[in-house]
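**Student:** The structure is given below, and queries will be raised subsequently.
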Amino acid sequence: MLDAPGRAPGRKSVRRHLLTGLAGCGKCGNHLAGSYRTDGQVVYVCKACHGVAILADNIEPILYHIVAERLAMPDAVDLLRREIHDAAEAETIRLELETLYGELDRLAVERAEGLLTARQVKISTDIVNAKITKLQARQQDQERLRVFDGIPLGTPQVAGMIAELSPDRFRAVLDVLAEVVVQPVGKSGRIFNPERVQVNWR
C-alpha cells in the first residue's frame, strides 16, 4: 500500500531505506537519507553537509542488536510508563498500588492460615487485581503501548520478535527508544568503527 501510485512523494523512500530521517548527522545536526551507491549498496548520507556517510550494512545490524538487547532487559516493561508531571498524582498512584499489593499479600496469608476459603480469596483477588490494572493504565503511555504491542518486553524472545518487525514498525520502536547520531569517519579511514554510531536513550 505504501508504494501505491498517488502516494505522497518521499514515503516510498522512507520505507525502502530504514533510517532515512531518523539517524542524525554528528557533524552538522541534520538527518541522514538513504540512497544507492554505484555498486548497489545502500548508504546513508547527510544531504545537508555531505560530511557523514555510513553503509546500511554497517549501521542497521548494530541498531537491531542494540534495540533487542535493551528490550530484553528486566526493566523494559517500565518503558510503557508515561511521565507523570503532577508529583501529587504520581505519589497517590504509587501509594494506592502499594496498598493493593499489600492486600494481595494479606489474602495469601489468610488463605494459608485457613481464615478464608479458596473461593473467597479468588473473588477478593480478582477485585484487587482489577483495581491494580486501572491504576497501572493511568501510569502507561498509550503511544508506547501501541508501539510495543505484542513485543515480549523483558524476555529473551524479544530478539526474534525485533528481527521480524516490518521496517516501519522498527522505525517506530527505535524512535521511541533513542536518538541515533552517526559521527564522521575518524582516523580509522576505510575501516568501519562501530563507535561512530551513537545511541542516546530517551
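**Student:** I'm told Arg106 meets every condition in (1) at pLDDT below 80; (2) out of contact with any Leu (no Cβ under 6 Å at 6 or more places or on another chain); (3) of a type outside the set (Asp, Glu) except one. Can you identify the failing condition by its number?
**Tutor:** Going through (1) at pLDDT below 80; (2) out of contact with any Leu (no Cβ under 6 Å at 6 or more places or on another chain); (3) of a type outside the set (Asp, Glu) one by one, Arg106 breaks only (1).
**Student:** Would you point out which residue out of Glu69, Glu83 is of a type outside the set (Gly, Ala, Ser), modelled with pLDDT of 95 or more, under 23 Å from the mean Cα position of the chain (by Cα) and closer than 23 Å to Arg144 by Cα?
**Tutor:** Within the list Glu69, Glu83, the selection yields Glu69.
**Student:** Still on this structure, I have one more. Can you find a residue in segment 135-146 that is of a type in the set (S, T, N, Q) and over 24 Å from the mean Cα position of the chain (by Cα)?
**Tutor:** no
**Student:** Let me ask something else. So, of the residues in segment 147-202 that are β-branched (Val, Ile, Thr) and closer than 18 Å to Gly24 by Cβ, which turns out to be surrounded by the most Cβ atoms within 10 Å (Cβ to Cβ)?
**Tutor:** Here is the first cut: in segment 147-202, the ones β-branched (Val, Ile, Thr) are 147, 151, 155, 158, 162, 173, 176, 180-182, 185, 191, 197, 199.
When the remaining residues are screened for being closer than 18 Å to Gly24 by Cβ, the result is 173, 176, 180-182, 185, 197, 199.
Working: Val173: 21, Val176: 15, Val180: 21, Val181: 19, Val182: 24, Val185: 16, Val197: 20, Val199: 15.
Per the criteria, the residue is Val182.
**Student:** Name the pairs whose Cβ atoms lie under 9 Å apart, with the first residue in segment 98-127 and of a type in the set (Lys, Arg), the second surrounded by 13 or more Cβ atoms within 10 Å (Cβ to Cβ), and 6 or more positions between them or separate chains?
**Tutor:** Close Cβ pairs satisfying both conditions: Arg111/Gln120; Arg111/Val121.
**Student:** Which residues, counting only those in segment 38-70, are in contact with a Ser or Thr (Cβ under 9 Å, 6 or more places away or on another chain) and assigned to a helix (DSSP H, G or I)?
**Tutor:** If the condition is that a residue be in contact with a Ser or Thr (Cβ under 9 Å, 6 or more places away or on another chain) and assigned to a helix (DSSP H, G or I), then no residue fits.
**Student:** Another question, if that's okay. Taking the stated definitions as given, is Leu80 in contact with an Asp or Glu (Cβ under 8 Å, 6 or more places away or on another chain) and touching a residue at least 12 places away in the same chain (Cβ under 8 Å)?
**Tutor:** Spelling it out, Leu80 is indeed in contact with an Asp or Glu (Cβ under 8 Å, 6 or more places away or on another chain) and touching a residue at least 12 places away in the same chain (Cβ under 8 Å).
**Student:** Looking only at segment 109-141, count how many residues are modelled with pLDDT of 90 or more and touching a helix residue (DSSP H, G or I) at 6+ places or on another chain (Cβ under 9 Å).
**Tutor:** 12
**Student:** Condition first: surrounded by 14 or more Cβ atoms within 10 Å (Cβ to Cβ) and either in the same structural domain as Val173 (by TED's automatic domain parsing) or within 31 Å of the chain's Cα centre (by Cα) (or both). Now tell me which residues in segment 105-134 satisfy that.
**Tutor:** Val128, Lys131, Ile132
The values are calculated or read from the model by the stated rules, or taken from the named source; none is laboratory data. All figures in this text were calculated on a predicted structure; none of them were measured in a lab. Here Cβ is always computed from backbone atoms with ideal geometry, including for glycine, and neighbour counts include all displayed protein chains.
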